[in-house]
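Novice: My questions will all concern the structure given below.
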Amino acid sequence: SGTPIEGATVSLQPVGQTEFVFGKLPGRENGIEVLTDAEGNFRISNAPPGFATVTAAAPDYARESFPNNEVTADAPTILNFSLPAGQRIAGIVTDDEGNPIRGAAVGSFAISAKAPMSVMSRTDQDGRFEVIGLIEGPYALDVSANGFIKNIVKPIMSGSTDEHIVLERQGSALVRVIGANGKPLTSFDVDVRRYFPDQDMPGIMHDRPTDRVRRDLVRDAALLDVVL
């Protein structure tokens, strides 16, 4: 309609090596984010040079993206978004005792092939989350948090605002590796396998990568808290 949208989220996701780095930072899964002002204007002043995808989304509006824009220091990149009507999914993430989980990652993935879309969000201090900028259709929510088992819930229709996702706590083990001389080792790998008393071979856990401990990567490499 041409009406300015105040408070819309505009994110810049660098493409390539920088994109991998940003994806590992909690809260930066979507890249650099800013909000629009009362006139719908936005400015991202700390964008790294190179190619990037820029996306805009707002509550009750569907998101729009401009992929592979070249960002240079010579001149500003001007992008104008026109957002159609959209929907959202909202709710709360708790443990099995009802305690809210803060900072849980909530990934929303479209199930319908006609509307491929993936959106990342995080829960606030009260465990609540809101995924905005969705188009109508079914979605899967991939929810994870440190110390908890990942939970994938589907299908969830866009427009649902009272979802309650429960995460089960994980077990853990503190590993200390000692050499034959009695001194702690500071470089080692740890693999976790399932144990079955009636089987000779341990079970392989395909969804759990090897923990690699190196002296130059951790402060106390002799100790490793392994999440099971």
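The values are calculated or read from the model by the stated rules, or taken from the named source; none is laboratory data. Treat the numbers as computed from the prediction; the structure is a model and nothing was measured. In case anyone asks, the SASA skips ligands and DNA or RNA and just uses the protein heavy atoms, side chains included. Shrake-Rupley method; radii C 1.70, N 1.55, O 1.52, S 1.80 Å.
Novice: Per residue of the stretch 92-104, in order, report the coupling 6.51 cos²θ - 1.76 cosθ + 1.60 (Karplus, θ = phi - 60°) as ³J(HN,Hα) in whole Hz, putting x for Gly and Pro.
Specialist: 9, 10, 9, 7, 6, 9, x, 7, x, 10, 7, x, 5
Novice: Can I ask one more? Remind me, relative contact order of the stretch 65-201 in percent, using alpha carbon pairs under 8 angstrom and six or more residues apart?
Specialist: Once divided by the residue count of the stretch 65-201, the mean separation gives 23 percent.
Novice: To continue, here is another question. Please calculate how many Å² of accessible area the stretch 62-104 carries per residue, with a 1.4 Å probe and no DNA, RNA or ligand atoms counted.
Specialist: Result: 61 Å² of accessible area for each residue.
Novice: Tell me, what is the per residue accessible area of the stretch 151-201 in Å², probe radius 1.4 Å?
Specialist: Values: 3930 Å² over 51 residues.
For the stretch 151-201, the solvent-accessible area averages 77 Å² per residue.
Novice: What is the percent carbon and sulfur in the accessible area of the stretch 36-99, measuring with a 1.4 Å probe over the protein chains and ignoring ligands?
Specialist: Roughly 46 percent of what the probe reaches on the stretch 36-99 is carbon or sulfur.
Novice: May I pose another question? Would you work out what percent of the accessible area of the stretch 139-187, with all protein chains in place, is carbon or sulfur (probe 1.4 Å)?
Specialist: Summing carbon and sulfur atoms, their accessible area is 50 percent of the total for the stretch 139-187.
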